[in-house]
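Below is one structure, written out as structure tokens; the observations come after it.
Laboratory data are not the source of any read-out in this text; all were calculated from the coordinates shown. Note that this is a predicted model, so its numbers are computed, not measured. All Cβ positions, glycine included, derive from the backbone under ideal geometry; neighbour counts span all protein chains shown.
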Amino acid sequence: MRSKSRTSRRVAVLSTVAALAAGLLAGCAEDREEPGAANPGGKDSRGRTTVTVGVFGVFGYKQAGLYDEYERLHPDVTIKETSIERVDQYYPNLLTHLGTGSGLQDIQAVEVGNIAEVAARHSAEFVDLGQAKGVDRNSFVPWKWGQATAKDGRMVGLGTDIGPMAICYRKDLFKKAGLPTAREKVGKLWAGDWRKYLGTGRDYMAKAPKGTAFVDAAGGVYNAAVSGSTERYYTRSGKLIYKNSPAVKDAWNLAMEIIDGGMTAKLKQFDKAWDQAYANARFATVPCPPWMLGYIKEKAGDKGEDQWDIAPAPKPANWGGSFLTVPEAARNRTEAVKLAAWLTAPEQQAKLFEKQGSFPSSQAAYGLPAVAGARHEYFDDAPIGTIFAEAAKGIPTLVLGEKDLTIQTAITDVGILQVEQQGRTPADGWAAAVKNIDNALDQ
């Protein structure tokens, strides 16, 4: 999610947070209306068409100046964005307004954890953007296009960003623990296997600086590990398999071993305590997609500059990413389609990465200077364009189910947290997660 924080190109400007990730990340847009708020629509007092955009958290279009640029190119259009901070509040609101056919914005963002349900159950209620003028299917990462495509072939959402995985680490803490600090050597410590990451954690804890842990939260490690597998919670045919999924089992066991080894700071990601732990340098590593870099920069502050660096993750994985949709009931549907296509074109995705750190879902953007040459001064001038582009190449085609976000959140925020923070057994934590999921899915 819009984590949703974002990274930058050499300018180190990421002070805004784009929350996306596990789906509950936060950010604040200037306009606090809901997607269901009254849609101005039509023409304003100067005869311009007002296109409304509903998002969750901070998508960065406004902050990166893209709305202003579009309005300069189209003097007859005005863009009005509204935001709800949390996607778990935004998405039910969107479904409510779809049901009534009113109160919808002209463009509605949809998080990756919800896109499968939209494509499966609501495709007829959204414009087929695959047929829109100016949209080139081949410019997108193939699996991103597929995530928003319904069985009848309707493509209901244009991909905004993706979340290729890396590991952010503190060089100062690694040095004190006797570990290498150069990003190439650090990446080799765990290359190819999350078990090696676990082993590095044991080495760190053996000489850990007082009051620090190897990683922030077991839930973040779980998300990073499970998101590297094709089938997690559902099969390709749509069968629910999370209780017996090898990918879930392996990621769960990894999280349990990290907890058992005392390697975590026992934090819940995106809570206030997590923010404070960045400022106080309480942990040495965190699995980080591109959108998290801005979050780290903001929360770790000036004291963390040049102390943080970035290395490749043990295995390719994707965490986060969203889509822009246009409801059939949109008041200004034609202009909304034009704007959605423009915002997700390779050139605009590259600009958004440069200014906000949202890594493009458009593979055509990877060769553009704003992406290929991107570096991040805060993270010791790390070549983030190269690191994340390489990570993106290996991301598997994830099978998405209608309730992916519900399942993942229950496992991390109920099951894992009960073991990590309350000292419950892994069996009890898993049982609590399953109960929560079954209740949510009415099983």
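As a test of the formula, what do you get for the chain when each DSSP H run with n ≥ 4 contributes -39,500 (n - 2.57) and the sum is divided by the residue count, at 222 nm and rounded to the nearest 500 deg cm²/dmol?
On the way: 18 runs with 171 residues, N = 443.
Helix contribution divided over all residues of the chain: -11000 deg cm²/dmol.
Arrange V414, V326, V399, V248 by Cβ neighbour counts within 10 Å, fewest through most, would you?
Details: V414 17, V326 30, V399 20, V248 23.
Ascending Cβ contact count within 10 Å gives the list V414, V399, V248, V326.
Can you divide the C-alpha Rg of the stretch 283-326 by 2.2 N^0.38 Å and report the result to two decimal places? If you can, show how the numbers build up before the last one.
Details: Rg = 13.2 Å, N = 44, 2.2 N^0.38 = 9.3 Å.
The reported ratio for this selection is 1.43.
I'd like the distance separating the alpha-carbon centroids of the stretch 409-440 and the stretch 336-393, in whole Å.
Using only Cα atoms to place each centre, the spacing works out to 36 Å.
Evaluate the relative contact order of the stretch 47-117 (contact order divided by residue number), counting alpha-carbon pairs under 8 angstrom at least 6 apart; express in whole percent. Write out the running numbers ahead of the final one.
On the way: 78 pairs, mean separation 31.3, N = 71.
It comes to 44 percent, rounded to a whole number.
Report the charge-dipole magnitude of the stretch 166-288 in Debye, nearest 20, computed about the Cα centre from +1 at each Lys and Arg Cβ and -1 at each Asp and Glu Cβ. Numbers along the way, then the final one.
Values: 21 positive and 11 negative charges, 32 e Å.
Rounded to the nearest 20 debye, it is 160 debye.
Pick from K266, K176, K210 the residue whose mean-square fluctuation is largest in a GNM of the chain, springs joining Cα atoms under 10 Å.
The residue with the greatest mean-square fluctuation here is K210.
How far is the Cα center of the stretch 200-223 from the Cα center of the stretch 52-80, in Å?
41
Taking amide H positions as placed 1.01 Å from N in the peptide plane, with prolines and chain starts having none, which residues 5 or more places from F283, or on another chain, fall under 5 Å of its amide H?
A213
Just to confirm the number: angle between the C-alpha axis of helix 426-440 and the first principal axis of the chain, 0 to 90 degrees, nearest 10?
Tilt relative to the chain: about 10 degrees.
Taking every DSSP beta bridge that has both residues in the chain, what percent is antiparallel when rounded to the nearest 5? If you can, show how the numbers build up before the last one.
Details: 26 of 40 bridges.
About 65 percent, rounded to the nearest 5.
Show me the ranking of peptides 294-305, 373-384, 142-153 by mean Cβ neighbours inside 10 Å, starting with the highest. List each step's numbers first, then the result.
Details: 294-305: 19.2, 373-384: 20.7, 142-153: 16.8.
For the peptides 294-305, 373-384, 142-153, the packing ranking is 373-384, 294-305, 142-153.
Compute the FRET efficiency between E125 and K435 as 1/(1 + (r/R0)^6), taking r as their Cβ-Cβ distance and R0 = 35 Å, and round to the nearest 0.05.
Numbers: r = 32 Å, r/R0 = 0.93.
About 0.60, to the nearest 0.05.
Using 0.36 nm times the number of residues separating N280 and T334, minus their current alpha carbon distance, what extension gain do you get? Please report the intermediate quantities before stating the final value.
Values: separation 54, 0.36 × 54 = 19.44 nm, distance 4.96 nm.
Between N280 and T334, full extension yields 14.5 nm more.
If you take the square roots of the eigenvalues of the alpha-carbon gyration tensor of the stretch 176-220 and sort them as a ≥ b ≥ c, do you get rounded (a/c under 1.5), prolate (a/b over b/c) or oblate? Can you show the working numbers first?
On the way: a/c = 1.90, a/b = 1.17, b/c = 1.63.
Oblate, because a/c is 1.5 or more while a/b does not exceed b/c.
State whether the stretch 210-343 is rounded, prolate or oblate according to the following rule on the C-alpha gyration tensor (a ≥ b ≥ c being the square roots of its eigenvalues): a/c under 1.5 gives rounded; otherwise a/b larger than b/c gives prolate, and the remaining case gives oblate. Please report the intermediate quantities before stating the final value.
Working: a/c = 2.67, a/b = 1.31, b/c = 2.04.
Taking the square roots of the gyration eigenvalues as a ≥ b ≥ c, the stretch 210-343 is oblate.
Taking 20 Å as the cut-off for C-alpha to C-alpha distance, list the pairs among K315/K393; K144/K393; K239/K435; K196/K393; K196/K243; K266/K435 that go past it.
On the way: K315/K393 11 Å; K144/K393 13 Å; K239/K435 18 Å; K196/K393 22 Å; K196/K243 26 Å; K266/K435 23 Å.
The answer is K196/K393; K196/K243; K266/K435.
Answer rounded, prolate or oblate for the stretch 383-442, using the Cα gyration tensor with square roots of eigenvalues a ≥ b ≥ c: rounded when a/c is under 1.5, else prolate when a/b is larger than b/c, else oblate. If you can, show how the numbers build up before the last one.
Details: a/c = 3.84, a/b = 1.78, b/c = 2.15.
In terms of gyration-tensor shape, oblate.
Would you please calculate the Kirkwood hydrodynamic radius of the chain over all C-alpha pairs and express it in Å, rounded to one decimal? Could the numbers behind the result be given before it?
Working: mean 1/r = 0.0460 Å⁻¹.
Result for the chain stands at 21.7 Å.
Given a cut-off of under 8 Å on Cα pairs at least six residues apart, what relative contact order in percent is computed for the chain?
Contact order relative to length: 26 percent.
Putting +1 on Lys and Arg Cβ atoms and -1 on Asp and Glu Cβ atoms, find which of G201, W342, C168 reaches farthest to the positive end of the dipole of the chain.
Farthest towards the positive pole: G201.
In the Gaussian network model of the chain, springs joining C-alpha atoms below 10 Å, which of W291, W252, W190 carries the largest mean-square fluctuation?
Residue with maximal mean-square fluctuation among W291, W252, W190: W190.
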